[in-house]
Structures are given as structure tokens and as C-alpha cells.
1. List the lysines whose Cα lies under 24 Å from the Cα of residue 480, skipping any in the same chain that are fewer than 8 positions away.
2. If R₀ is 60 angstrom, what is the calculated FRET efficiency for the pair residue 47 and residue 432, using the beta carbon separation as r and rounding to 0.05?
3. Give the long-range amide H neighbours of residue 344: residues separated by 5 or more places, or on another chain, with amide H under 5 Å away, using H modelled in the peptide plane at 1.01 Å from N.
4. Ranked from highest to lowest mean number of other Cβ atoms within 10 Å per residue, what is the order of the peptides 138-145, 33-40?
5. On C-alpha positions alone, give me the angle between the axis of helix 16-36 and the longest principal axis of the chain, in degrees, nearest 10.
6. Counting helices only, and only those DSSP H runs with n ≥ 4, report the 222 nm mean residue ellipticity of the chain as the sum of -39,500 (n - 2.57) divided by its residues, in deg cm²/dmol to the nearest 500.
7. How are the C-alpha pair distances of segment 2-201 spread across 10 Å bins, as whole percents from the shortest bin up?
8. Any idea how far apart residue 385 and residue 480 come out in nm if each label point goes 7 Å out from Cα toward Cβ?
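Rule-based calculations on the coordinates, nothing more; no lab input. Fair warning: this is a prediction, and the values are worked out from it, not measured in the lab. Glycine gets a Cβ as well: all are built from the backbone with ideal geometry, and neighbour counts include every protein chain shown.
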Amino acid sequence: MKFIVKLAPEITIKSRPVRKRFVARLHTNIRRVLKRNTVSADVVLRWDMLEVAIDNSSECYLDHCSLARDLLRKIPGIAHILQVQERAIGANDDGVDSNQDNGKYGDNDKKNDKEAILEIIYRETASLLADDLEGKTFVVRCKRQGKHAFSSHDVERYVGGGLFTNGATAGVKMRGADVTVNLEIKQDRLFIVEHRYAGLGGYPIGCVGPVLSLMSGGYDSSVASFDTIRRGMETHFCFFNLGGHAHEVGVKQVSHFLWEEYASSHRTAFVNVNFERVVEEILTTVNNSYMGVILKRMMIRAASRIAQEMDIEILVTGESIAQVSSQTLRNLSVIDKVTDMLVLRPLATEDKSTIISRSNKIGVGKYAEHMPEYCAVISDKPTTSAKMDIVLHEESKFDFLVLDAAVKERKITGIDNVYQPQIAFEEIEQQAIPEPNQIIIDLRPDDERDKKPLVLHANETLNIPFYQINRLFHSLDSNKQYLLFCDRGVMSRLHAAHLQADGFGNVKVYRPE
């Protein structure tokens, strides 16, 4: 078994030098992601595709194949992935171009060679797929590269005829068939397609440049960050903390999820800016109706200075036109005047229902749904048409030393280590075997729990998703001991550390060997 990685269409239309650079970057990204997830594979770069062959000497070969398939589907720059079986067919070159289907093949010897190779193709296909076609209508589709003594239509007719004559199918159906038998022939190599999986499309990360995304952890900023990742941008996260420790934990979770799922080929940064004093200064000095606009201007100011020091020229926000008062066209124009940097808004014309739907598909909806609203600096009657002279007057009352201090005291962490600062993971006790009186709390979402149920015979198990544990833990019996569980151990240690920091000494981590 191997995987054929097809390039996103936008890559294939680039000039030859640009295409080579993009494909080389995709090749590197795939290797990095597989290596990071301990999947041993040979990744071969071709002009129009990449071949990924999983090391079949591993005892976990099938698990690695499944993991590789899931990882490839989330790497930007890939149109789709074909799971194939490869066979050698020994095709002869007779000088006929692969795009010509004129049926002229020369002398009898070459005709015999042609039929012999078609027979090989048919038998290899039948041995692999015959059982899947039983009682079903089917159609055969073939793509070729190279010069052969047969055409693509020859392959389709010969293989289709053999499967129909010698199999237990329901017949050939050219349109709307139950099963499409896809074959790809490249020179003397036959690829029999078992499954086809959709990829993300877009561009490989590292081909476009870096951006700094302003992350609040809600639907909009999360989906906007995904969009920049998908378009090949190294997306760094900038978080303005308005809600204390709980807000920080939530935004770290969603940022880490986006990186781990879609961008782990590159080690990006998480910037944490404490904006509580900035908010306090705005509340005490700025006219009520202008608080929201000026808060956004302060964020853009701070982000611009941070981005400049990180050698980043682009900012990203999740703002959508007219979704809230600060996002009217006039207000966005006023907000942008505070910086010379380009501010990208991938969701500018999206409506909220579409954004929420996309967030669920991406996987960030489960985080955003439970993210509290910390935009406390939105007045009862915010202006929807801010005037620049009034904005400047209100900002003249603001003590910019507060903003300078917030920027100076920011904390930058590698996104892969985002859970470690301020949380002593090594101090969290882990148990491989629970004691009979301990209760296991499964933190995984319902869909993950259904795929791999946690089976324990001597312990009670509670199903509390990770995004509810901090809120619900205080209601549990404080006289009992609890072990938190998740697949990788990161989320369980994170929440155990937070609960212990909040004074709960009856919580540990369940980490089976």
C-alpha cells in the first residue's frame, strides 16, 4: 500500500520555477509532519505528485497507514490523496504518445505484447477489487502517463469486459455506477486506486510568508487563522488577555489545536499580551461610545509593534463586515489608520452562520462554543460611525505608557510548548493503574470517545468534555479521588494543573502504559 498525493490545482498552474519551489516545500512539510508523529515513511517527489510509502516492517504498519492518511488530509497544498496498490506491468514503448487514442499499434508482435499487458492489468485489478464489485454496477476509468502500445480506452474496455464476464457484478453503467474502478498507469507502473480522500487544497505552509493573527479564541478569529494556514502562511498567534487565567487557557487550547492539526510542519509562536490594564485605562478615560473602536486601535497598535519586532509584515483578524458595532466599514477604516501594516480579514464578507458551520467542520467549534465573551469594553450605545477627530481627542486622554508596558511585558512561547509556561507539568502525578476507589474522568469529546471507548471494570467513569471540566469539577464529591484521561495526556495534565492551582488536591492524571 502507498499514498499518491495530488497537488492542489493552484500549484499546477504556476510557472515552472515557482511550481518546483512549492512542490519541494510540500515535500518537506509532509516529511516533517510524518516524522513528528513517529510515522516512518519514504516520501518521493515527482513532477506532478508525491508518493508516500509507509515502512511495512513496523509492527504497527496498519495503524501508521491510517495515521498517515489522516495527517495527509490536513496538510495544506494537497488536492486529494489516493490510497493505491502498485503493480509492475512491463509496458512496452512503441512510440505512441500517451494522449493519442488512435488504435494503431504496429505489427502482430506488438499486438500480442499489448494484449499480454492488458491481461496483466485486468488480473491485478480483479484480484484486488473483484469482491468489492459483487452485485454492484461499475465503470472503469484509466489515466496514463508515458508511451504505451495501448490507449486509456483500451484499458477501460479490456478490464471492464473481464470484470463483467468473469465476475458477479450487476453490470457496467457508464454514468452513476455504484463503483468507479480508477486505474492510473505511469510508464510501466500500475496504480490501482482503493480509496480517494479529499485534501485541504491551498498552498504549502512556508510558500507565502508569515502573518500575526489576533486570536480571541472565538469562532471568527479561529476560522480566520485556519484560512491563513490553508493559504500557506506561517500563522503566529497574538492573544490580548482581557479575561484573566480562564481566557488564557481557552485561547491556548484553540491555538494549539489549529497548529497541531493543520500547521505542525512549522514551529510558530504564541504571543500573550496582558491587556487588563489597557482595558482599565480605556474604561476610566475614554468616552463610553468610543471604547470599542479605541480598544481595537490599541490592539492593532500593539500587534503592529510586536509583528515588526518578529519581522512580520501582515496582521490578521477575524472581523466580518457589520457583525458588531466596531466592524462597520467606517469603524474598520478608522481602526486601520493606526498602522501602516496590511490587515487581512479573511472573513470580511462571511455571515455568522457560515462561520460557525465552518468552525465545526474545522474542529474549533467545540472550543469557541464554550469561550466566554470578554469584550467588556463595548458600551450600551457604541458608535457605528466613528469620527477621526473625536477618536484622536479621546486617545489624547489615554496614558500610552500603559500600552508600552503591555507590549514590553508580552510573553512569546513556541506554540508546541504553549501549555508549559506557568504550569509545572512534571509536578502532576500520573498513574498507569487506577486504584479501585478512584473515578476516571474522560475528557475527550463524544466523537473521539465513541471511536476508542475507555473500558475499565473496577472504576467508575465520568464523561466530562475538556471544555466543561473547569466549570463542573467543583460540583463533584470533594471526598473522592479523580483521574483525568485523554488520548495523548496533554489535555489531562493541563487541566489537572489548573485544577490543582485552584486548590483541588484530589485530582491526578490517568496515563495507561
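1. Cα-Cα hits under 24 Å: 508.
2. 0.75
3. For residue 344, whose amide H was placed from the backbone, the distant partners under 5 Å are 315, 316, 317.
4. 138-145, 33-40
5. It works out to around 70 degrees.
6. -12500 deg cm²/dmol
7. 8, 30, 32, 24, 6, 0
8. 6.0
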